[in-house]
Amino acid sequence: MFRAEILNQWYNDIWEDDNLGVIDVYFVAAPTNHYIAPRFGIEPAEVREWVCVLQTLVIDIMVTILHRIEDEHGLSAMSGIKVTKASKGVPIKTCQQLILRFDANLKVESCPAFAFSNRQANGLKTPTPLAGRDTGDVNVFSH
């Protein structure tokens, strides 16, 4: 299976279909401390927490892989994300940059990042500790 197919299925299962019970299926069983980018590595428990927080803010999540570079060990991708602000019904578009490292077809390392500006999110705020800079921008690292 191509890495982009795994990522696309991940977006479908976790983000779009809200199936948090399958998160562990995508990761190696034992966490690794050999991250390429140690400060940005994400563990399955963090994914669950982030998705739950995000779902209090937005609905109708749709993710599309726009560009990708992949090889037998990893995947780098840019994805387009469309959501609706839960409180006001305002559509929001953003993108996510993601670097994944694999062992067979399982994620060993996941380094995702995306940002919403206040202009895009129409005042979308996240609860502490994910709050952004003092300008009110939401700038988070997530799955």
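The values are calculated or read from the model by the stated rules, or taken from the named source; none is laboratory data. Everything numeric here is computed off the predicted structure, so don't read it as measured data. When we count neighbours, we look across all protein chains shown, and the Cβ atoms used for this are built from the backbone with ideal geometry, even at glycine.
Numbers at a glance
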{"item": "Residue match in the range 131-140 (condition: of a type in the set (Ser, Thr, Tyr), at pLDDT 60 or above and either over 16 Å from TRP15 (Cα atoms) or surrounded by 15 or more Cβ atoms within 10 Å (Cβ to Cβ) (or both))", "result": "no"}
{"item": "Count - residues of the range 20-40 that are at pLDDT 65 or above and either surrounded by 13 or more Cβ atoms within 10 Å (Cβ to Cβ) or part of a helix (DSSP H, G or I) (or both)", "result": "9"}
{"item": "Pairs with Cβ under 9 Å, 6+ apart, first in the range 88-102 and on the phi > 0 side of the Ramachandran plot, second part of a strand (DSSP E or B) and surrounded by fewer than 16 Cβ atoms within 10 Å (Cβ to Cβ)", "result": "GLY89/ILE59"}
{"item": "Selection from the range 58-96 of residues that are outside any strand (DSSP E or B) and surrounded by 15 or more Cβ atoms within 10 Å (Cβ to Cβ)", "result": "ALA86, VAL90"}
